[in-house]
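The values are calculated or read from the model by the stated rules, or taken from the named source; none is laboratory data. Keep in mind the model is a prediction, meaning the values are calculated, not measured. Neighbour counts run over all protein chains shown; Cβ positions are idealised from the backbone, glycine included. When the accessible area is computed, the model is the full protein with side chains, heavy atoms only, and any ligands, DNA or RNA have been set aside. Shrake-Rupley method; radii C 1.70, N 1.55, O 1.52, S 1.80 Å.
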Amino acid sequence: MTFRSSAVAAVSALFMSLSVLPAAAQSGRFEGGGTLSNFSPACMSGGWSGRPQTYVVRFHPANIAWNTDGDTLTFLNDHHGFSVERAGGSFSRSWQPVRHAFIGGPISFRDQDNHEAAEIRLISMWPSDIDENTAGTIRIRGQILHLGHLRWCRVDFDIIVQQS
């Protein structure tokens, strides 16, 4: 079984288990899984292997349920975790500076106003208009620049989440 097919199987199993849960109150917290891939040369120079990485992912869209006024994505796996948050707004198709916390080796944090801030851009999100009543799966594809506070480290992400 290839890495890609095993990752797809794991995400599919996760969503099959989530689909049996009752559709009660909506939390505004979307959970699922995803991958990082296509690591730039700067990432590889900074210690990333270049192999795709799998994560448990949480997405908190701005102003849904008890969420703050900014979009937040959190990626967690056995080796490290990180989050990106667009304080005061939503992620978009343009590069935007974000608050970025990274735990993996050293713990580091940069605010979106820092001159070395990480940046994020979305390539696609389906469905594109979500709210507190969104019950189905959401697929988000995008890129993160300066991941882990490594200058010019750019990666692609592809996630599938569902409101928990």
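Shape class of the range 83-153 from the alpha-carbon gyration tensor: prolate, with a/c at 1.5 or above and a/b greater than b/c.
Applying 1/(1 + (r/R0)^6) with r as the Cβ-Cβ distance of Ser108 and Val56 and R0 = 22 angstrom yields a FRET efficiency of 0.60. The trypsin sites (Lys or Arg not before Pro) of the range 50-111 meeting both criteria, a DSSP state outside H, G, I, E and B (loop) and at most 13 other C-beta atoms within 10 angstrom of the site's C-beta, are Arg93. Using a 1.4 angstrom probe on heavy atoms only, work out the carbon and sulfur share of the accessible area of the range 19-132 in %. C and S fraction of accessible area: 52 percent.
Ordered by solvent-accessible area of protein heavy atoms (1.4 Å probe), largest first, the residues Arg51, Arg29 come out as Arg51, Arg29.
Cβ-Cβ distance of Asn77 and Ser128, R₀ of 41 Å, FRET efficiency by 1/(1 + (r/R0)^6): the value works out to about 0.90.
Under the shape rule built on the C-alpha gyration tensor, where the axes satisfy a ≥ b ≥ c, the range 37-164 is prolate, since a/c reaches at least 1.5 and a/b is greater than b/c.
Summed over the residues of the range 64-106 and divided among them, the accessible surface reaches 51 Å² per residue at a probe radius of 1.4 Å.
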